[in-house]
Structures are given as C-alpha cells and as structure tokens.
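*Asks:* Quick one: the structure is below, and I'll ask about it shortly.
The values are calculated or read from the model by the stated rules, or taken from the named source; none is laboratory data. No experiment lies behind these values; they were computed from the predicted model shown. Cβ placement follows ideal geometry from the backbone for every residue including glycine, while neighbour counts extend to all protein chains displayed.
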Number of protein chains: 2
Amino acid sequence: MHGRGGNTVRDLRTGSRATVLRGLYFDGPLSRQELGARTGLSAGSVSNVTGELLADGLIEECGSVGSDGGRPRTMLRVAAGRARLVGVDVGETQVRVALFDLARTELAARDLPLSDRGRDAGHVVELILAGLADVLERTGTAPETVLGVGVGVPGIVDQGAPGADGRGIVVHGQAVGWDAVPLGRLLRAGTALPLFVDNGAKTLGQAEMWFGAGRGARHAVVALVGSGVGACVIADGARYRGASSSAGEWGHTKVHVGGRRCRCGARGCLEAYVGAEALVERWGAAPPGDEKAGLAALLAAAEAGDPAAVGLLDEAAEYLGAGIADLVNLFNPERIVIGGWAGLLLGPRLLPGIRAAATGYALRFPYEHALIVLGSLGPEAVALGAATLPLSDFLDSGGRLPDRSHLTDAGA
Amino acid sequence: MHGRGGNTVRDLRTGSRATVLRGLYFDGPLSRQELGARTGLSAGSVSNVTGELLADGLIEECGSVGSDGGRPRTMLRVAAGRARLVGVDVGETQVRVALFDLARTELAARDLPLSDRGRDAGHVVELILAGLADVLERTGTAPETVLGVGVGVPGIVDQGAPGADGRGIVVHGQAVGWDAVPLGRLLRAGTALPLFVDNGAKTLGQAEMWFGAGRGARHAVVALVGSGVGACVIADGARYRGASSSAGEWGHTKVHVGGRRCRCGARGCLEAYVGAEALVERWGAAPPGDEKAGLAALLAAAEAGDPAAVGLLDEAAEYLGAGIADLVNLFNPERIVIGGWAGLLLGPRLLPGIRAAATGYALRFPYEHALIVLGSLGPEAVALGAATLPLSDFLDSGGRLPDRSHLTDAGA
DNA sequence: AGCCGTCGTCTCACGCCGTGAAGTAAGCCG
DNA sequence: CGGCTTACTTCACGGCGTGAGACGACGGCT
C-alpha cells in the first residue's frame, strides 16, 4: 500500500517523460503533434517535455514532413547513440555478451565457451566480466554511457530486495546445479554498472514482445520450447512475475497425472512430452549428445514418413495444444507466441496440429480471442532480451541517466 | 498507450484521496498521523485530504487515543452510512439481492427462487429488478445514495466498451444456456443505478481476498470448487482479467490428456475429476437431483470406510493437488485459497492429501513461497463479493459519488 | 512576386498540487 | 500553573499541465 509510485507534482513530469520516450521508442519517429494525440498530453506539455528531452540529448529531430498547406511537422526520434546497453546470455554451452545502442543495433559481441567447469557459478561470472570488459574496450565505450547490464540465466531468479544495487539477486538453477547462487553479489564485485538479472526464457519472451511476434499485444504468453519448456507471461503490457518472480513455469504443468516421469522428479509434466530432451530420448534413433541434431533427425524421419516419428510428433502437437489450451483458459491472452529453438524448428510442422488440439481443449470464448503464432526472432535473441531489462528501466524512469559518479574506483 | 490514467495535477489529488480512503477502509480507524506514515503523504497533505473527505461526509472522526505526554490522536474511519451497495448473486436455483452499507453490514436481503423459466435471461432480469426495488423500498434507501449494483453470474462476462454505462456487458453462460446475453442492456432498461457484472466465482474470490482467507496477499489464487471448478486470480493486488475478462478458467485445465470427458465437451479437464457434479455422478450411490446431499453422502461413506468412496476422494485430492501445483507453477502466488461449497465441504478431509500431492507436483521454489488454505467465508459470500464491485470503483475514484441527476426520470 | 489560409509549434497566465517549516492545539508531568 | 511532548494546521514555495493566443513556415492562389 505504500507510496503509490509518486505523490508529488514532479512525478507527473517523470511520468510524462516516460510516456513520450516510450512513444518515440516503440512507434518510430513521431512529430510533436502526433505525440500529443498519442499520449493525451496537451500541445504545450509536449513542447515542454520534448524540449527537456532534446536538451538532455535523449531525443533528436530528424527531418520534417509536409502537411498539406500548413507548417511541416518536425519528426523526433530517440537518439540512438546517447547511451548503450549490455545483454548477456548465459547458455548451456557458452556465455554471450553483446553491446547494443539504444536503437538495438549490435555494436559488438563476444562468445565465450564454457569450459568443463561449466556449471561452476564463479567460472560463469569470470566469463561474463571478461566479455563485458572486452566489448566495452573494443568499442571504446565509456562506462558512464552504459545504462546497465542485463543477464539472462537458466533457472528461477529471486530478485531480492529492490533498489539494493542488484546485490540481493539470487539464482536457483536446478537444471545447471545452481542452488541459491548469489549472482548479484558475485557480479557486483567485478563491475559498478547497474545490474539486471532474469530467467533467459523470460528475456527471450520480452524480446519477442517488444520487437518480434508479440508486438502490440497487451496480454500475451510467449511459450518457449527448447530442451525444456517455459513461458513468459505478459499481463497488461508488463511481465507478470508473481510473488517471488517465478511465474510462468509452464513446463511443469501437469497434462497427464500419473504419466511420464519428468526430469524435475514429478510425473506427467508437459515438458516430459514436448521438450526436446524428452522427444529425442524417446525417439532413440539419434546420435546422443547433440540434442539439436537429434531433433532435426526426428523431424526428417517424420517428413520421410517414419510412422514412429510421425506418431511422436503428432503426440507432441496434441500435448502442446493441450498445454496452450491451459494457457488460454487461465490467462486469456490475445496472443500466444511459440518460440524457443525447438519450438521454431518444429513449429511449421506442428502448428496445424497444435491449433486443432487447442481448439478442442480450450474454452470457445477465450480461444476465439487468442491468436497462436510462431516467434519471429530466433533463440539468439536472449541477449537482446536481456538488454531490454536496463532499457525498460531507462524508459520507465523517463530517461533518467543513472548517477554513477562512484564508477571511478570500481572500474568496469 | 493512451492516457496513462491521469496527466494533470488534479489527478494527484484523486489518487491521494483514493489512497487515504483505501487505508481507512481496509485498516480500520487510523489517526491522521498513522495515515501519513502508511500512505507516504506529508502531514500537510493528509490534513488537506482528510479535510476534504470529512467535508464530503465520506469519513468521520471516532474518538481519540492518548499518546504518552502529547496531544491525543483523533481517529478517523469511513462513514459507514454515507452510501450503500447492492450485491446480487444469480445462482442456479435462486437470485439473491442484498443491500449493504459501506461497512458491509447487510441491511436487507431478498431471495427469489427461479421458476421453471429459470434459464431464461428475461426471467432472471425481472427477479433482479424486483429484488432490487424491494430491498431499496424496505430500507427507505434513496437511489442516489446507492453507489451501484454488483451482479455475480455464472459464465464468462464480457465487459464490453468501458464507460458505456454497463450497456455493453454481455454474458456467455454455457452452463445455464446463456449465449451472448446482453445483461447490461437488459438491466439498464429497468434501473438507472451504476451496473457492475462479473462471474460469480470471481466475486466470491474478491470477497475472500478483501475480507476472508486471502486478506493481505498481493498475489493469490482463489480456487473455487463447486458443481464446476473455477478460479479467481489476484495479481499484484488486483483481479487479473486477461484480454477479454475470462482469465482464471481453471476448471478446464487439462490434467489428463485423453482422460474423462467433461461437460464442456473436451477430455481430461480438472473439473471432470474434482467437480461436485462429476464426483457425485461417479459415486452413483446417491439420490439424484440434489448434488449437495450426494456429495455429503459420498463424504459420509468415506468417513465410514467405504473403499470406493475413499478411493474416489483420494483421487480427487490427487487431481486437486496437481491442479493447484499448476496454479503455483504458473502464477507463483503467495497464497492459494480453496473455496466454493464443495471445496469447503471436502476441504477438511482432502487438505492433507491435496498438500501432499501439490508438494510432489509443484516446483520446489514457488511451492515454498505458497500457502494453501481453506476459504473462510462460505458460498453465500457471492452477493457480498458482488457488492465489492461498485465499492472497488468507489474507492479507486477517491470517493467520487457518481453523478446521477438523471435518476428522477428512470426510477430505481 | 506577393498575399493568404493552414497548420505545427511555442509562450504564458492560471489554477492546482504536495512539501516542509513554522505555528497552534491539546493533552501529560511536575 | 508552566513546561514538555505530541498531533495537527497553516502557509509560502516550486512545480505541473492546460488552454488560449502568438508565432513560424509552408502551399496555393492571384
């Protein structure tokens, strides 16, 4: 019940700045005129706010467009070069660190393969910090122009106390053997940049929502099918986190009580029927070790008419449809985006079957309002999605550049 | 992207009034001092705002409490008699219309049994309007003191265009044969009072959240087990509605793909395993027609050791636990409240089994943060929950009494 | 070429807000 | 009865968005 997020008149300006900035960021160059119509602000206020943002260098004018008979409208856009973002994808085999400008152009990236110490958190932190230093140095990026470092990791992320400089962030990654790893504290020891950590599937979902197949939807679920299965829930335009930021664990939804055993220990999880690991294991006839090749082989066999492969995939489509029907019934989204590397690989073949199953399993009314589509970004967008974490903070704050005068002593 | 809910400085005052009013409503009598600490407002603003509210008659002073050595603090509370609320419960056998004051004291109520035309929407509307007129007249309530009429109905409620005076509200009640019934328009023809309609299960959930076992939780799911099965999802303190207000249809979640056929037409729905209708039907050895008696008989048989009854209930607990595990995984709530008449009847016996099953089926991390409890209000709270719909609107608007100068011509 | 109408943008007086400091009320203790 | 403590009120101040009017900057018309 505290605070309500701003009591004073100055908070109004923060809000207006945020609205204007978001409008320009997501809906391209806009004139002050259009900005007023879109934000509900009066022409005077738009002039005021844009003036401030221009003075801060956060936006810039870019040409003008004639308007029949009248004064041409000056277009405004976000100044792409004003600040930079770092996105980190902690995968199962490598760590990827990417540097973006505000227009999400990738300025530099660095892939660092995990050694055999792969599951050791200390090792991962070393790689992240090394990659971070590398991309900053190669591009000559001053630390104070970096809005923050977003990190997508496997497992559940407990955000800890807010405003605690990220130090309270703890990761529970059962799949990679991370048990309550204090990632925030570990990273904070090596960099003074603002830190943001979230589940990798969730950052990928965020990327699809902002720049991919989810664009424009206020209520959506991004269903992520990879080795395992996860989901990213967007409620009313914002990520739904739940009480301890672990909402959206769709893969361990029960679709068959008493059914197949899942790697999480329970029986009948969705993941045990449609996750790539489970599919490849059940298919059997594939070289072990390389899951992607295994899934591709399964798909090829099905295309060639192998009845076992066809059956397996048909069953996966059925279960996926049932799982999606659950999402439709529970969340009533306007869009369901199927992503993840396995989802994108299988999607073109499975989609008709998924839609058919979901039609039968979901309630008619919510299903009629939901669109099931494939993701459009590909799994490499995890780093981009991670970079949206500091970006989101930046936009919500109305373009407040973080004060980091303490940067000198800690280095980057 | 429109509006952001208030740009001008005057909206700040609306927000402050709402915060103060909510504080007083939910946390009993409070001094101006405490109000300031709780809301984050400065002492000056609290004085200002409470002065306004006092002048409007919305709050009142109620005694004072000594404070060691200093001026005693004057306590403030919401003026219970300043306005009234109507809650309507459209059940399967009767319509209940209840009139409350702001302190949720029931001033009058009227039960109107459905005739054999029970499933006819026109008949239901007649009963609602008759009950409404009756409770208003018996208590001598002037229509302009009524904040609004909240109606809880079976089925999915499409809220239509907002701000359209409720005229756009349409109900899809497949269980009672309502197909796109324009309930808003039908009711509007008979009363000029503000109208609010929502699913009955959702209004019951709202009541549990505000006054029952859900009090204080910001993220919760109220699981409602009756003849069918539903749920009410509270995300960040507010009902989660989804894109077309049908979120929370938990009963038709798939717990056993290819399993029992459900009355919705699909197979393997949770409702087909744990709903009272399904349980009684499978039990068989009960007088048909009276579901509640049937369920009580099943329960009694199980208590007496009848193995078939025990098996049925154990299975129900297993499935309920699995369904709740799904809710825990997907929504990551801090509390799960089990309500509904069947849920409350079976709860004491089933709860240990439910908890055991959920422990096994849910992921450890979110499950550790979730508490599974029984509801504390009973199924008759549907009308109370319905009355919270106009109340919620009233509180959120900072106590703006609706302007209804047009009331004279339309009557109540 | 000059003028006019059109439309985008800027400027500014106004009413309102919350803050924080100073002032006031209302009880206690000695 | 006076001093002390605590709750509340008053008020000057900086700041906000609005809406009306002023000010450009262009196309088209004469």
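*Asks:* Yes or no: the stretch A:3-13 includes at least one residue that is within 12 Å of chain B (Cβ to nearest Cβ), surrounded by 17 or more Cβ atoms within 10 Å (Cβ to Cβ) and either within 15 Å of DNA strand C (Cβ to nearest atom) or hydroxyl-bearing (Ser, Thr, Tyr) (or both).
*Replies:* Scanning the stretch A:3-13 turns up at least one residue that is within 12 Å of chain B (Cβ to nearest Cβ), surrounded by 17 or more Cβ atoms within 10 Å (Cβ to Cβ) and either within 15 Å of DNA strand C (Cβ to nearest atom) or hydroxyl-bearing (Ser, Thr, Tyr) (or both).
*Asks:* Right, next: Mind checking which residues of the stretch A:248-266 are at the interface with chain B (Cβ under 8 Å from one of its Cβ atoms) and among the basic types (Lys, Arg)?
*Replies:* Scanning the stretch A:248-266 gives a single hit, A:254.
*Asks:* How do the strands (runs of 3 or more DSSP E) wholly within the stretch B:112-231 filter down when requiring 1 or more residues that are under 27 Å from residue B:401 (Cα atoms): which remain?
*Replies:* By residue number, B:146-153, B:156-158, B:170-173, B:195-199.
*Asks:* Does residue A:168 satisfy being over 23 Å from residue A:379 (Cβ atoms), without any contact (Cβ under 8 Å) to a residue 60 or more places away in the chain and not assigned by TED's automatic domain parsing to the domain that holds residue A:248?
*Replies:* So residue A:168 fits the description; yes.
*Asks:* Right, here's the next one. Say whether the condition of being part of a helix (DSSP H, G or I) and exposed (fewer than 15 other Cβ atoms within 10 Å of the Cβ) is met by at least one residue in the stretch A:73-95.
*Replies:* For the stretch A:73-95, residues part of a helix (DSSP H, G or I) and exposed (fewer than 15 other Cβ atoms within 10 Å of the Cβ): present.
*Asks:* Scan the stretch A:20-35 and tell me whether some residue there is part of a helix (DSSP H, G or I), within 11 Å of DNA strand C (Cβ to nearest atom), more than 30 Å from residue A:132 (Cα to Cα) and within 14 Å of chain B (Cβ to nearest Cβ).
*Replies:* Yes, there is a match, as at least one residue in the stretch A:20-35 is part of a helix (DSSP H, G or I), within 11 Å of DNA strand C (Cβ to nearest atom), more than 30 Å from residue A:132 (Cα to Cα) and within 14 Å of chain B (Cβ to nearest Cβ).
*Asks:* Among the candidates B:364, B:400, B:404, single out the residue that is at pLDDT below 95, surrounded by fewer than 17 Cβ atoms within 10 Å (Cβ to Cβ), within 23 Å of residue B:253 (Cβ to Cβ) and not aliphatic (A, V, I, L, M).
*Replies:* Selected residue: B:364, the only one of B:364, B:400, B:404 that is at pLDDT below 95, surrounded by fewer than 17 Cβ atoms within 10 Å (Cβ to Cβ), within 23 Å of residue B:253 (Cβ to Cβ) and not aliphatic (A, V, I, L, M).
*Asks:* Now a separate question. What pairs can you find where one residue is in the stretch B:57-74 and at positive phi and more than 6 Å from DNA strand C (Cβ to nearest atom), the other is at pLDDT 90 or above and assigned to a strand (DSSP E or B), and their Cβ atoms are less than 9 Å apart, with a gap of 6+ or different chains?
*Replies:* Listed by first residue and then by second, the contacts come to B:63/B:74; B:63/B:75.
*Asks:* Further question on the same structure: Within 14 Å of chain A (Cβ to nearest Cβ), surrounded by 15 or more Cβ atoms within 10 Å (Cβ to Cβ) and in a helix (DSSP H, G or I): is that true of residue B:297 in this structure?
*Replies:* Judged against the criteria, residue B:297 is not a match.
*Asks:* Then there's this: Tell me whether the stretch A:321-328 contains one or more residues that are touching a His at 6+ places or on another chain (Cβ under 6 Å) and of a type in the set (Asp, Glu).
*Replies:* no
*Asks:* All but one of (1) crowded, with 17+ Cβ neighbours inside 10 Å; (2) of a type in the set (Gly, Ala, Ser); (3) away from chain A (no Cβ under 14 Å) hold for residue B:358, so report the exception by its number.
*Replies:* Here residue B:358 meets the rest and fails (3).
*Asks:* Can you find even one residue in the stretch B:74-83 that is within 12 Å of chain A (Cβ to nearest Cβ), out of contact with any helix residue (DSSP H, G or I) (no Cβ under 6 Å at 6 or more places or on another chain) and more than 9 Å from DNA strand D (Cβ to nearest atom)?
*Replies:* No, the conditions are met nowhere in the stretch B:74-83.
*Asks:* May I ask you to verify whether residue B:28 is out of contact with any Lys or Arg (no Cβ under 9 Å at 6 or more places or on another chain), at pLDDT below 95 and away from DNA strand D (no atom under 11 Å from the Cβ)?
*Replies:* Against the criterion (out of contact with any Lys or Arg (no Cβ under 9 Å at 6 or more places or on another chain), at pLDDT below 95 and away from DNA strand D (no atom under 11 Å from the Cβ)), residue B:28 does not qualify.
*Asks:* Okay, moving on. Tell me which of these residue B:291 doesn't satisfy, since it passes every other one: (1) more than 30 Å from residue A:266 (Cβ to Cβ); (2) out of contact with any helix residue (DSSP H, G or I) (no Cβ under 7 Å at 6 or more places or on another chain).
*Replies:* For residue B:291, the failing item is (2).
*Asks:* Report, by residue number, each residue of the stretch A:36-50 that is assigned to a helix (DSSP H, G or I) and in contact with a helix residue (DSSP H, G or I) (Cβ under 8 Å, 6 or more places away or on another chain).
*Replies:* Those that are assigned to a helix (DSSP H, G or I) and in contact with a helix residue (DSSP H, G or I) (Cβ under 8 Å, 6 or more places away or on another chain): A:36, A:38, A:39, A:43, A:45, A:46, A:47, A:49, A:50.
*Asks:* Hey, another quick one. Kindly indicate whether residue B:98 is in contact with a Gly (Cβ under 6 Å, 6 or more places away or on another chain), part of a strand (DSSP E or B), more than 30 Å from residue A:364 (Cα to Cα) and in the same structural domain as residue B:193 (by TED's automatic domain parsing).
*Replies:* yes
*Asks:* To continue, here is another question. Tell me whether the stretch B:330-337 contains one or more residues that are within 14 Å of chain A (Cβ to nearest Cβ), without any contact (Cβ under 8 Å) to a residue 40 or more places away in the chain and within 30 Å of residue B:196 (Cβ to Cβ).
*Replies:* There is at least one residue in the stretch B:330-337 that is within 14 Å of chain A (Cβ to nearest Cβ), without any contact (Cβ under 8 Å) to a residue 40 or more places away in the chain and within 30 Å of residue B:196 (Cβ to Cβ).
*Asks:* Of the numbered conditions (1) modelled with pLDDT under 95; (2) within 14 Å of another protein chain (Cβ to nearest Cβ); (3) within 9 Å of DNA strand D (Cβ to nearest atom), residue B:43 fails exactly one; give the number of that condition.
*Replies:* (1)
*Asks:* May I ask you to list the residues in the stretch B:300-314 that are surrounded by fewer than 17 Cβ atoms within 10 Å (Cβ to Cβ) and part of a helix (DSSP H, G or I)?
*Replies:* Matches in the stretch B:300-314: B:300, B:303, B:307, B:308, B:310, B:311, B:314.
*Asks:* Quick check on residue A:177: is it free of Cβ contacts under 8 Å to residues at least 60 places away in the same chain and either touching a helix residue (DSSP H, G or I) at 6+ places or on another chain (Cβ under 9 Å) or among the small types (Gly, Ala, Ser) (or both)?
*Replies:* Against the criterion (free of Cβ contacts under 8 Å to residues at least 60 places away in the same chain and either touching a helix residue (DSSP H, G or I) at 6+ places or on another chain (Cβ under 9 Å) or among the small types (Gly, Ala, Ser) (or both)), residue A:177 qualifies.
*Asks:* For residue A:84, indicate whether it is modelled with pLDDT of 95 or more, closer than 30 Å to residue A:124 by Cβ and touching a strand residue (DSSP E or B) at 6+ places or on another chain (Cβ under 8 Å).
*Replies:* So residue A:84 fits the description; yes.
*Asks:* Within the set of pairs 6 or more residues apart or between chains, which connect a residue that is without any contact (Cβ under 8 Å) to a residue 12 or more places away in the chain inside the stretch B:205-234 to a residue that is crowded, with 24+ Cβ neighbours inside 10 Å and part of a helix (DSSP H, G or I) with Cβ atoms less than 8 Å apart?
*Replies:* Matching pairs, first to second residue: B:215/B:209.
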